[in-house]
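Rule-based calculations on the coordinates, nothing more; no lab input. Bear in mind that the values here come from a model prediction, so they are computed numbers and not experimental data. Note: ideal-geometry Cβ built from the backbone for every residue, glycine included; neighbour counts use all protein chains shown.
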Protein chains: 2
Amino acid sequence: MTADQRKRSIAAKPPAVQRPRKTRDAALAQATILGVARAHFVSQGFAGARVDEIAAESGYSKAMIYHYYGNKENLYVAVLEEVYKHFVAPRRVLNLAEVGPVRALEAFVREGAASVRKDPAILNLLAIENLNEAAYLRGSTVPRAIYPPLLTQLKEILDAGVQQGVFRAGIDPVQLYVALSSVIFHAVSNRFTLSVTLGTDTASSAFLDRHVDMSVAMVIGYCTTSPRTGPVRTVRK
Amino acid sequence: MTADQRKRSIAAKPPAVQRPRKTRDAALAQATILGVARAHFVSQGFAGARVDEIAAESGYSKAMIYHYYGNKENLYVAVLEEVYKHFVAPRRVLNLAEVGPVRALEAFVREGAASVRKDPAILNLLAIENLNEAAYLRGSTVPRAIYPPLLTQLKEILDAGVQQGVFRAGIDPVQLYVALSSVIFHAVSNRFTLSVTLGTDTASSAFLDRHVDMSVAMVIGYCTTSPRTGPVRTVRK
DNA sequence: TATCTAATCGACTGACTAGTCGGTTATGAA
DNA sequence: TTCATAACCGACTAGTCAGTCGATTAGATA
């Protein structure tokens, strides 16, 4: 039994929806198919996912999938867009003026980390996209619309921090976002290989809790340190 | 034309090795097949790679692949092990006593970053493994043997730093390694999606240079800061 | 030189896979 | 009630895929 078969057999459960279906409901059909497709693409990748399996598990015929989504690629893109939207949606707007730039930045990091820990699906799709050189993502407008507000929010936090004299000047929001997302995402998206190679359960919530704390300290520490006096300096006075 | 076909057509070049082959050479055959397989698994993933294509491009028949590697999974594991070895091999041993803990830690980060920027293949395989919950990696002893020395090296740097009063005490090497690898790997492995979503070419060497500098500052800053002092304290709940 | 091992391959197979097609029937509107 | 629309599906196809098999032959060895 190959690893692939091992994994696939998990999905070999009876159909989630029993036929004969009572009523016709196009919206329900589309949503059900999309949900099942999401699970399959996330765990099997684009090439690894099987349209037949998605159909069987959803309780609808394969013809329905092609009726609503046209082809496998469109179905995948629909999943990609749905997951992207879902990823950013729960992020609440911080009251920057109230909590101040340092706490706002900390919240930014902690919320992102909590979001991917609760549902790592976005990380799998991101990995798939990068393996594929973002071929499908490029064709979608949804993810592109999601990020500018996030960058704007980050820029406002940075500006406020500089103005109040708590952050160093000259930090590029894009550059900071990349660093942030690194510490937020990587430990979760690579939890399996890290656990195997490091011999520690890096997926445990205790480990990830500590990782988030360390990440926050690194990011806040960087932003609050003057670049000239440098990090090499032993202790801040 | 689907994105898959678009990508696959790149590999549709004439065979790298011309037949009739002059001599028989088992070692050459295995190495050639492994090299071509590496390229295919890295860019297409396990499910996406095609044994027929690997055979055609290598200039050997498919029967040779099965003769030497048994099946697709074994071939993939062989690639995985080869890439892992190649990833750690070029890392030179630092003279900790000579350069001191701060520079040693900086070098640790910079060398890791340089290594994956030069050849991101390891990152693709890591992504594939994590999508697969490290199913294949678990069956291999090679990657497991590679990491302990790396952690030992990191621990020595940390200990020296604490002893010399430049690093804070109590940093877990495993925890630090996860943070390090985050900032080292993520920007490179996610360069495609980051570029698309952020609207900036995050794969450019200028951007990555700045990212590495920021990463070094964050890591060194964290290790050289006392956890009790500094502005970080104010944000703790 | 005779012999044996293993390097090598063309052609095959059975299972799988994305996508299609022709038809049936529930449902809402007229 | 009639009827048009679309929700829905079983069965099919053409091509693809991992893996096999029987045979041929280069080259090492005795």
Positive dipole terminus of segment A:44-107, leading residue within A:75, A:58, A:104 (C-beta point charges): A:104
Label-point separation in nm, residue B:205 to residue A:210, each point 7 Å along Cα→Cβ: 3.9 nm
Net charge of neighbours whose Cβ lies under 15 Å from the Cβ of residue A:172, counting Lys and Arg as +1 and Asp and Glu as -1: -2
B:177, B:147 arranged by Cβ crowding within 10 Å, fewest neighbours leading: B:147, B:177
Distance between modelled label sites at residue A:39 and residue A:156, nm, 7 Å Cα→Cβ extension: 3.9 nm
Label geometry 7 Å along the beta-carbon vector: residue A:99 inter-copy distances in nm: 3.9
FRET efficiency for residue A:146 and residue A:67, using Cβ-Cβ distance with R0 set to 22 Å, rounded to 0.05: 0.15
Shape of segment A:85-224, Cα gyration tensor, a/c cut at 1.5: oblate
FRET efficiency for residue A:28 and residue A:119, using Cβ-Cβ distance with R0 set to 22 Å, rounded to 0.05: 0.50
FRET efficiency, residue B:88 to residue B:138 (Cβ-Cβ, R0 22 Å, nearest 0.05): 0.70
Other-copy label distances relative to residue A:88, 7 angstrom Cα-Cβ extension, nm: 4.0
Cβ-vector label at 7 Å, residue A:204, separations to other copies in nm: 4.4
Proxy reagent accessibility, fewest Cβ within 10 Å first, across A:186, A:67, A:211: A:67, A:211, A:186
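Which of B:126, B:75, A:150 comes first, and how do the rest follow, when ranked by fewest Cβ neighbours within 10 Å?
Listed from fewest to most nearby Cβ atoms, that is A:150, B:75, B:126.
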